[in-house]
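The values are calculated or read from the model by the stated rules, or taken from the named source; none is laboratory data. As the structure is a prediction and not an experimental result, all values here were calculated from the model. FYI the Cβ positions are ideal-geometry reconstructions off the backbone, even for glycines, and counts take in every protein chain you see.
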Amino acid sequence: MADRRRINGPVGATTPPIFDKPAGPVATKTSDAIRKIFLKTGITPSASGSAYLELENPNPQRPGNTSLKLSCTVHGPRSLPRSAPFSPHIILTTHVKYAPFATRQRRGYLRDSSERDLGVHLETALRGAIIADRWPKSGVDIIVTVVEGDQDRDSPESQKDDEGWDMMNVLSGCITVASAAIADAGIDCVDTVAGGVAALVCEDDKTAPTIVMDPIVAEHGSILAACCVAYLPTRDEITNMWFKGRLPGADMMVYDKLMEKSLVACRCANRVIVQELNETVKKGQGIS
Amino acid sequence: MAQTIAIPGQLLGPSSKYVAGPGTHIHEANLYSSVLGTVTIAQPEKKIAPGPAKRLTKIAGLPSSSAQLPTISVSRTGITEKREVLPEVGNVVLCRVTRIQPRQATVAILVVGDTVLEAEWQGVIRPQDVRATEKDKVKIYESFRPGDIVRAQVISLGDQASYYLATASNDLGVIMATSEAGNVMYPVSWKEYRDPETGINENRKVAKPF
Amino acid sequence: MPITILQPSLAPPPKLRNVDSDSDSEGGADLEGDVAMGRPAKRARTQDSSIMTPGEIITDDPQWMRGHGTYIIPGASSNTILSSVAGTLAKTNKLLSVRPLRARYTPEIGDLVVGRIVEVQAKRWRVDVGGTLLAQLPLSAINLPGGIQRRRTETDELQIRTFFSEGELLVAEVQQLYNDGAAVLHTRSLKYGKLRNGVFMSVTGTGGGGGVVRARRQAFTLDISGTDEVSGSEKIDVLLGVNGYIWISKHIEGEGAAAETSGPGITRIEESVGLNVYSSQNDIIPVDTMREIARVRGVITALVENGLRVDEEMVIKGYAEAVEMAKEERDSADTLWLGGERGKRLANALVGR
Amino acid sequence: MSSTSQHLLLSPAELAYLHGSLSLITPGPIRPDGRSPTQFRPLTAETGILPGTNGSARICFADGTEAVVGVKAEVEKTPLSPYEFVASTEGRKDHTQKKSGSRKSKKATGDEEDISMDVDEEAAGANDKIRGSPDWVELSVEIPGLRDDDSGTVFLTSMLTEALLADGEFVKKLWINRRFHWKLYLDIILISPPLSYPLPLLSLTTHLALLATRLPRLKSEADEDPMFDDDWAAATFLYPRQDTSAKASNKSSKPSSAAAAPASRPPITLLVMAVGDNIIFDPSKEELAVADSAVAVSVAEGPASESESEPEPESIPATTTKRNLQLLSVRTIDPPSRLTPPGVPNSVNAAAWGTMTAATPTTTTAATASATEGGAAKHPDARVTETEDVVGVWKAPRGGAKFGMLGAMVAKVLEREAASPRSQGAG
């Protein structure tokens, strides 16, 4: 009979667990490239249009490392509720919602202010792209679900103060995925809008800050400034821009460079959209 | 003709050479695609009959200078089953009667031209638009019943909620009806349907069978 | 000057209507003087602060009749007239009325109003005229296109939105009033219809001294060729809606509310060649005209901000003054701006302070 | 709904006129109220209006829009992170920032500059580092008629918060010692209904309130539980005033401290819009309704600090302006112009009849004739057909802004040095 009065030691020999401090962040991509994007349209049959976007996980062997995973559904064009006033345009509504498990901190089911903020940014980015007067008296809902946020969950010591830099990456992904989903839904657009991010990062004190495209927040010492842009490549126009940070001496040149780099990131993302849309059409033609 | 794929924002040609059809837009004197689909170039002589291409007829009626040009359009036909078209004035639509009131019959538009709609758009048929003649004598409950399938034509964008439809033509009206007993009926005259089992006639605005 | 910050100051004292005297008060007795108003508290106030507050007894002298903004307690002392709003006292002969300091527009039959379509219904439009209730414009109360007088048809009903759609501005006349005070408008005259080629401004809510007042002429044409910068003889139409909505636009011969029409407009419809009643396309407007339109708008803003009334006389005088001011300071760039201190200067010049 | 969701109905003719007058090139834009392109609306301002706050301000525009901001501070315990000492790389990184920050807080206590410098030198080696957390600032915006969780309000809130937190310097001012910090509550209330996009007004009011914000003087030292001077008169400004800091910089021998001395200013967010090729500051509501694009730019005047700032990218020459303006954040605002109703050209307008005016040179007589027939050419209710732009007909803008235009807007804001309102309002 087992001795239940005290806690018994383990029967066999054990080795105490050693928590190895993982190596510091390593840059997994060059500063002039963006992570590989997986994009697919038409993944939600019940929606009018849908798309899924996933960013390449920079080092999948590390356990806590996650990449960005976004799913977007477009519902509509559909008729407005009876109570709504006459609208000569399509009424665009955007929702960005993190899944409760998408980030380190659990998210509630109600949208918090950062999610609403992202929704406004997304709306601004898309409203410039769609041709709203083609669909009078109708509405469209665009819902982006962040299945996995762009955060490193590795070890607590590498957790910096949440400065919200990852929000920029999420936003650029939202723009790209929503653009593909809108095209899938057949809503008139002037162009395929794509999102891109560039950041001014500082690895440590000794090196000068550099500008990187598509920054992986965890891999850099600190981010001084970042810029997320929604861009229409054919028209060469920007529908949404979000810059924040501190620029030494309010230098317009750094700012311009940052913008240019994010435009390059947008063009890269746009190529993915174009390719995926072409494939969608071909697939559709094959069926019918 | 080989089907050219166009994605939104793709350059289609100068606006001096083509007339903008559905699925395209003009930007700085050039035509661009605005939807994902295949490019169609229609010469002005031949009219494209069915479906969402109805829009073309409107543009053809524009000033003569542009009427000679071929119309370029991007259509989603054949790419996906799912496509949404807005009912437009002049379109022939199929709809289901959802509700009847003395002043109007409320319908849900199901099919525009050849296109089966994803969403339901609401339409309204007013008594004066049911028949072309003897409009004053029309009674809504003698013309439609909830559940009927009606072929109608869009006559106006209507108010904020509904499109205005009319059945004031021989080939427009109820094309499918069920009796009060629940049986599918067949038309017997321009204003009556008959239940094959009970043999009772019911009043409808009957569409002339083809 | 990037940002101008002004010292906080007290609101300007409301100007008394009887001083400004737009009501023809000859024959009326002096309220402060010979007629004993019989205020219970024996007039502890001076003239320039005589604002009536709701419930305040104006008089119990039976010789007065009560007008707008007053009431009488039914019963014993039915001679006592009390104020029902906060405002200044005005009298027309024996009629006592209190003009509210701030008020919404109360429509009266015959008023020329500028309105904005807010809703399109099956057979009528709902129009915002700055009142408490939306006015309505029935389809039957507009001139239908076609060049001849005709009955409205079903086609007109179906294309109601092509005449006026949401957001569009029109000038109309109050034809009828409902019991609840809602107005019914009509545009059955060449003077009325859709507005274009100009800018809109609203001075609603201003009562007391400022704002648009009912006058003999609500619409007039302003000659802007007086300014030497303007080439040619351009003119500006100013439309002071009684409801405080104002439209300032390029003058087009034979069009607009300021055009002189003799006889009822309804019968002259056939002659209306060159009319774009339902057009929403602007004509080409010379730059000088645009600038002068902005100047007129600035003058009206300055009038309102300084508590002066807005009517034909004041606008014309104010505009001439503004042109003078601009001439004096030719070198400085922002001669159009008439806010803040410049507005005060303009107002002072107008009232001769 | 849109961030600029106060739906303003304007007629197509009005919009076409406004757009036309604002996009004029030769004499520059003619604004409906006659302002010059860079001119702000005049405003009435006063600070210190609420005795129950640490700082407050009120601003009124001539049109009656009015905002009040109250700043309240509370002492809060800083949760100590067990990893604080582990993160060695960060420690090195923050080393420089710590110096400037701690000096600031020491100076805020009113000590002699020289002494505090010495203390600072000692402290630098062994002591903790000053770091702030974004959680130390709580900002709320109240707009009448809008729900608190309305996305427009949320957007405004996050824009104003972002400007405060973007450079990470502001929260360092709230550091008391390693265990305690100030928690700052900024309550921004728009009193009047929003007659125009309220961002510039709210930002200016917040700016003034922060300039007037004072925190009680700290009496305790180091990591003790904080004790404060009861005398409100001795309370120190969150943003030290110009005269005292100028004196301090003269006294100080070190060049670095001279650089740190000029009073920094709280951030300010300006609204700029573009119509055609013109850039217009502080647009009114109707001007915004025809904007091709609109941008909110946050700038702050920071302490100029070449020696302490991060090393600049090698490509960029270290230009130091006299007023060290810092660009903190830029956001495009969804211009309400995209939701405006389009005008109908006379050539396809069934309801317009009569001879065409000179404004439609392209209109053929055939079109006129058919239009006269009463809508025979085109059913009026048919969809807006795709046409080329016609002069004098409003069409809602599509697409976005050119790269160059956005850059020019931001550059113009920095250039205008617009972030320098001087408070004249008496307390």
So residue C:132 clears everything in (1) crowded, with 19+ Cβ neighbours inside 10 Å; (2) touching a Phe, Trp or Tyr at 6+ places or on another chain (Cβ under 9 Å); (3) farther than 30 Å from residue B:88 by Cβ except one condition, right? Which one? (1)
Name the one entry in D:192, D:196 that is surrounded by fewer than 19 Cβ atoms within 10 Å (Cβ to Cβ), touching a residue at least 40 places away in the same chain (Cβ under 8 Å) and not in a strand (DSSP E or B). D:192
Residues satisfying the stated conditions in region C:235-255, i.e. small (Gly, Ala, Ser) and either over 12 Å from the mean Cα position of the chain (by Cα) or not assigned by TED's automatic domain parsing to the domain that holds residue C:308 (or both): C:249, C:254
Any chance you could count how many residues in region A:129-151 are at the interface with chain D (Cβ under 10 Å from one of its Cβ atoms), of a type in the set (Lys, Arg) and surrounded by 24 or more Cβ atoms within 10 Å (Cβ to Cβ)? 0
Scan region C:85-97 and tell me whether some residue there is at pLDDT 65 or above, farther than 30 Å from residue C:184 by Cα and in a loop (DSSP other than H, G, I, E, B). yes
Residues of region A:172-211 that turn out to be within 11 Å of chain B (Cβ to nearest Cβ) and closer than 17 Å to residue A:233 by Cβ, as a count: 10
Being more than 7 Å from chain A (Cβ to nearest Cβ) and without any contact (Cβ under 8 Å) to a residue 40 or more places away in the chain is the filter here, so list the residues in region D:150-167 that pass it. D:153, D:161, D:165
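Every residue, every condition in (1) in contact with a strand residue (DSSP E or B) (Cβ under 7 Å, 6 or more places away or on another chain); (2) of a type in the set (A, V, I, L, M); (3) buried (at least 18 other Cβ atoms within 10 Å of the Cβ), yes or no:
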{"position": "A:51", "(1), (2), (3)": "yes, yes, yes"}
{"position": "A:54", "(1), (2), (3)": "yes, no, yes"}
{"position": "A:71", "(1), (2), (3)": "yes, no, yes"}
{"position": "A:75", "(1), (2), (3)": "yes, no, yes"}
{"position": "A:82", "(1), (2), (3)": "no, no, no"}
{"position": "A:94", "(1), (2), (3)": "yes, no, yes"}
{"position": "A:113", "(1), (2), (3)": "no, no, no"}
{"position": "A:117", "(1), (2), (3)": "no, no, yes"}
{"position": "A:127", "(1), (2), (3)": "yes, no, yes"}
Can you pull out the residues in region A:37-70 that are of a type in the set (Lys, Arg) and either assigned to a strand (DSSP E or B) or at pLDDT 90 or above (or both)? A:40, A:69
Applying the selection to region D:203-223, what residues are basic (Lys, Arg) and either under 18 Å from the mean Cα position of the chain (by Cα) or not in a loop (DSSP other than H, G, I, E, B) (or both)? D:214
Residues B:157, B:165: which one is buried (at least 23 other Cβ atoms within 10 Å of the Cβ) and out of contact with any strand residue (DSSP E or B) (no Cβ under 6 Å at 6 or more places or on another chain)? B:157
Could you please find all residues in region A:97-111 being surrounded by fewer than 22 Cβ atoms within 10 Å (Cβ to Cβ) and either among the aromatic types (Phe, Trp, Tyr) or out of contact with any Pro (no Cβ under 9 Å at 6 or more places or on another chain) (or both)? A:97, A:99, A:100, A:101, A:103, A:104, A:105, A:109, A:110, A:111
Which is at pLDDT 85 or above and of a type in the set (Gly, Ala, Ser), of D:260, D:318, D:289? D:289
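Table: residues versus (1) of a type in the set (Val, Ile, Thr); (2) part of a helix (DSSP H, G or I); (3) buried (at least 21 other Cβ atoms within 10 Å of the Cβ); (4) more than 7 Å from chain D (Cβ to nearest Cβ).
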{"site": "A:238", "(1), (2), (3), (4)": "yes, no, yes, no"}
{"site": "A:241", "(1), (2), (3), (4)": "no, no, yes, no"}
{"site": "A:244", "(1), (2), (3), (4)": "no, no, yes, no"}
{"site": "A:254", "(1), (2), (3), (4)": "yes, yes, yes, no"}
{"site": "A:264", "(1), (2), (3), (4)": "yes, yes, no, yes"}
{"site": "A:270", "(1), (2), (3), (4)": "no, yes, yes, yes"}
{"site": "A:279", "(1), (2), (3), (4)": "no, yes, no, yes"}
Tell me, yes or no, whether region D:62-85 has at least one residue that is closer than 30 Å to residue A:95 by Cα, away from every other protein chain (no Cβ under 11 Å), modelled with pLDDT under 90 and not in a helix (DSSP H, G or I). no
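Per-residue answers, yes or no, for (1) more than 14 Å from chain A (Cβ to nearest Cβ); (2) at pLDDT below 50:
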{"position": "D:374", "(1), (2)": "yes, yes"}
{"position": "D:378", "(1), (2)": "yes, yes"}
{"position": "D:383", "(1), (2)": "no, yes"}
{"position": "D:390", "(1), (2)": "yes, no"}
{"position": "D:397", "(1), (2)": "no, no"}
{"position": "D:406", "(1), (2)": "no, no"}
{"position": "D:410", "(1), (2)": "no, no"}
{"position": "D:415", "(1), (2)": "no, no"}
{"position": "D:422", "(1), (2)": "yes, yes"}
Under 6 Å between Cβ atoms, at least 6 apart or on separate chains: pull out the pairs that start in region A:92-116 with a residue that is in a loop (DSSP other than H, G, I, E, B) and end on any residue that is at pLDDT below 90 and surrounded by fewer than 18 Cβ atoms within 10 Å (Cβ to Cβ). A:100/A:106; A:104/A:153
Tally, over region C:105-133, of residues that are in a loop (DSSP other than H, G, I, E, B), charged (D, E, K, R) and within 27 Å of residue D:12 (Cβ to Cβ): 2
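To keep it simple, each residue is scored yes or no on (1) free of Cβ contacts under 8 Å to residues at least 40 places away in the same chain; (2) within 14 Å of chain A (Cβ to nearest Cβ); (3) more than 12 Å from the chain's Cα centre (by Cα).
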position: B:97; (1), (2), (3): no, no, yes
position: B:114; (1), (2), (3): no, yes, no
position: B:117; (1), (2), (3): yes, yes, no
position: B:121; (1), (2), (3): no, yes, no
position: B:129; (1), (2), (3): yes, no, yes
position: B:134; (1), (2), (3): yes, no, yes
position: B:140; (1), (2), (3): no, no, yes
position: B:152; (1), (2), (3): no, no, no
Does residue A:215 fit the bill of being more than 8 Å from chain D (Cβ to nearest Cβ) and touching a Lys or Arg at 6+ places or on another chain (Cβ under 8 Å)? no
